[in-house]
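Enquirer: One structure, pasted below without further comment.
The values are calculated or read from the model by the stated rules, or taken from the named source; none is laboratory data. None of these values were measured; they are calculated from a predicted model. Cβ placement follows ideal geometry from the backbone for every residue including glycine, while neighbour counts extend to all protein chains displayed.
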Amino acid sequence: MALALMPTYFQIGIWAPILLAAFRFLQGLSLGGEFGGGITLTGEFAPPARDALCGLVLPKLLRDPDHYLP
């Protein structure tokens, strides 16, 4: 919501890109906080044959992809 209501460069000058970067940084922090809840939801709604894959294996691959790639 903050990005939609943010003033333009012509209204507040150099503070517009600074605020944009700050808001995007905060948005990224909130996205990282949702990772655990998203994985739990994925594991709960996965088909019974794939619930372990979606709830246990997939999160590990998403968090540490460089650990498993050659």
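Enquirer: Looking at (1) on the phi > 0 side of the Ramachandran plot; (2) at pLDDT below 75, find the lone condition where A52 falls short.
Expert: (1)
Enquirer: While we're on this one: Restricting attention to the stretch 30-43, does a residue exist that is part of a helix (DSSP H, G or I), in contact with a Lys or Arg (Cβ under 9 Å, 6 or more places away or on another chain), at negative phi and at pLDDT below 70?
Expert: So the first thing to find is which residues in the stretch 30-43 are part of a helix (DSSP H, G or I), and the list is 30-33, 35-43.
Restricting the remaining residues to those that are in contact with a Lys or Arg (Cβ under 9 Å, 6 or more places away or on another chain) gives 35.
Now narrow it down to the ones that are at negative phi: 35.
Filter again for at pLDDT below 70, leaving 35.
Within the stretch 30-43, one or more residues are part of a helix (DSSP H, G or I), in contact with a Lys or Arg (Cβ under 9 Å, 6 or more places away or on another chain), at negative phi and at pLDDT below 70.
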